[in-house]
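**Student:** After the structure tokens below, expect a handful of questions from me.
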Amino acid sequence: MGADATDGPERIEAAVRALRAGGLVLTPTETVYGLAADAADPRAVAALYEAKGRPRFNPLIAHVADVAAARRIARFDAEAEALAAAFWPGPLTLVLPIADPQAVCDLARAGLETVAVRVPAHPLAHALLAAFGGPLVAPSANRSGRPSPTTFADAAEETGAAAAAALDGGPCAVGLESTVVALLDSPRLLRPGAVTRAQIEAVVGPLAEAEGDAKRSPGRLTRHYAPDAPVRLEAAAQQPGEAYLAFGPAEPGERVWNLSPSGDLVEAAANLFAHLRAADRSGASAIAVAPIPETGLGEAINDRLRRAAGFVG
Ligand code: AMP
Ligand code: MG
């Protein structure tokens, strides 16, 4: 790690190699420093949540190099086109229906059928995205609950230890997170940010407010993926008719999926959504889930499972 203020092509290449290998990369954006991962790779995204110490799988913003790349992952309507034309590249994030669910994996979207996408204006972020050639999720590089880093030194101190490569772009010009607007029904402001409400309303007219829960947790505006089958937690064993999500060493069996045979929480997080869907499709009467430790990423995994079981909103 470590970088100078004139990061050039060779550092971009090293960062791209790190991303392709599933690693994390510190990158400046015009808003704040981000910790980037390949949006298509659930292992990399799980490692990102772990590095940030996130107690929940909040949906992440997919960063792309240009509007053409954004159109490949999300469905654009006329309002999305107008906002993109007005503010991209720049600190505006649009929440749109997902068009390519593989390009931004389930874990990165927290299981939603929508995706948050933006085109950052920072030249290094743009160079990284153009060289990588696919979407990168890049939440702020701070550890969860701490302020967003706006200098390379702060970013390195927060999550640099978890990064396989780092780009130094000097201090961030904006220093404030992107504005998040959902275009799912009528345009809705999910998070105020660097682009003002007035600027957005000048393009698409009056914005609706995020209501209630959605305001506190914008990711919940649209229903999260919830299995059709009931979910039974803390299940030491599979009952007849049930599917079973094991964790740690377990006998293979019919309708048994192992989140991580070795008991690795990063692997379990990466497998969580795919295994939940597979278990749900198996025609089981219920999905029983082995106890998952509440440590590290386990907290976020258990939060997601409690939601799937209907214990939380
Ligand atoms: P950050 O963690 O700073 O990258 O912020 C991401 C923001 O975008 C949070 O407010 C998320 O809740 C929001 N967000 C990301 N994806 C979605 C989505 N699909 N639907 C609604 N909000 C989203
Ligand atoms: Mg943040």
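Each reported figure results from applying straightforward, stated rules to the coordinates on display, with no laboratory input. Note that this is a predicted model, so its numbers are computed, not measured. As a convention, Cβ positions derive from the backbone with ideal geometry for all residues, glycine included, and neighbour counts pool all protein chains shown.
**Student:** Would you work out the charge dipole size for the chain about its Cα centre, treating the Cβ of every Lys and Arg as +1 and the Cβ of every Asp and Glu as -1, and quote it to the nearest 20 debye?
**Tutor:** Dipole magnitude for the chain comes out near 460 debye.
**Student:** Still on this structure, I have one more. Along the charge dipole of the chain, Cβ charges K/R +1 and D/E -1, which of L259, A70, L305 sits furthest on the positive end?
**Tutor:** Checked the options; the winner is L305.
**Student:** For segment 48-100 and segment 261-313, what is the separation of their Cα centres, given in Å?
**Tutor:** So the separation of the two Cα centres works out to 26 Å.
**Student:** Ok, one more. Compute the long axis of helix 123-132 from its Cα atoms, compare it with the longest principal axis of the Cα atoms of the chain, and write down the angle in degrees, 0 to 90, nearest 10.
**Tutor:** For 123-132 against the chain, the angle is about 50 degrees.
**Student:** Still on this structure, I have one more. Run the numbers for N58 and S282: contour at 0.36 nm per residue of separation, minus the present Cα-Cα distance, in nm.
**Tutor:** Numbers: separation 224, 0.36 × 224 = 80.64 nm, distance 2.72 nm.
Length gained between N58 and S282: 77.9 nm.
**Student:** Turning to a different aspect of this structure: Which FRET efficiency, nearest 0.05, do A130 and L184 yield, Cβ-Cβ r, R0 25 Å? Mind dumping the intermediate values first?
**Tutor:** On the way: r = 29 Å, r/R0 = 1.15.
E between A130 and L184, to the nearest 0.05, is 0.30.
**Student:** Moving to a separate point now. Rank-order 27-35, 274-282 by packing density, defined as the average count of other C-beta atoms within 10 Å over each peptide's residues, highest first. Present the calculation step by step, with values, prior to reporting the outcome.
**Tutor:** Details: 27-35: 28.6, 274-282: 17.8.
Most protected by this proxy first, the peptides run 27-35, 274-282.
**Student:** Expressed as a rounded percentage, what relative contact order does segment 5-54 have, with Cα pairs under 8 Å and six or more residues apart? Intermediate values should be presented prior to the final figure.
**Tutor:** Numbers: 40 pairs, mean separation 12.2, N = 50.
Computed value for segment 5-54: 24 percent relative contact order.
**Student:** Let me ask something else. Just to be sure I understand: with springs between alpha-carbon atoms less than 10 Å apart, which residue in G160, G175, G145 has the highest mean-square fluctuation in the Gaussian network model of the chain?
**Tutor:** Among G160, G175, G145, the largest mean-square fluctuation in the Gaussian network model of the chain belongs to G145.
**Student:** From the helices alone, meaning DSSP H stretches of at least four residues, give me the mean residue ellipticity at 222 nm for the chain, per-run term -39500 (n - 2.57), in deg cm²/dmol to the nearest 500.
**Tutor:** The helix contribution divided over the chain gives -9500 deg cm²/dmol.
**Student:** So how tilted is helix 78-87 from the main axis of the chain? Cα-based, degrees 0 to 90, rounded to 10.
**Tutor:** 50
**Student:** Going by alpha carbons, how many degrees (0 to 90, nearest 10) lie between the helix axis of 9-20 and the longest principal axis of the chain?
**Tutor:** 20
**Student:** Report the dimensions of the chain along its three principal axes from the alpha-carbon atoms, largest first, rounded to Å.
**Tutor:** Computed over the Cα atoms, the extents are 58, 45, 31 Å.
**Student:** Among P240, P91, P291, determine the one that fluctuates most according to a GNM of the chain built with springs between C-alpha atoms less than 10 Å apart.
**Tutor:** P240
**Student:** When the chain is treated as a GNM, springs tying every alpha-carbon pair under 10 Å, which of V256, V95, V64 comes out with the largest mean-square fluctuation?
**Tutor:** With Cα springs under 10 Å in the chain, the top fluctuation among V256, V95, V64 is at V256.
**Student:** Hey, with R₀ at 22 Å, roughly what FRET efficiency would A161 and Q102 work out to, going by the Cβ-Cβ distance, to 0.05? Walk me through the numbers on the way to the answer.
**Tutor:** Values: r = 30 Å, r/R0 = 1.37.
With R0 = 22 Å, the Cβ-Cβ based efficiency is 0.15.
**Student:** While we're here: Go through G134, P59, A288 and say which Cα lies farthest out towards the positive end of the charge dipole of the chain; charges sit on Cβ, +1 for Lys and Arg, -1 for Asp and Glu.
**Tutor:** It is A288.
**Student:** What FRET efficiency would be calculated for the residue pair E254, A78, taking the C-beta separation as r and a Förster radius of 51 Å, to the nearest 0.05? Show your work: numbers first, answer last.
**Tutor:** Numbers: r = 50 Å, r/R0 = 0.97.
The computed FRET efficiency comes out at 0.55.
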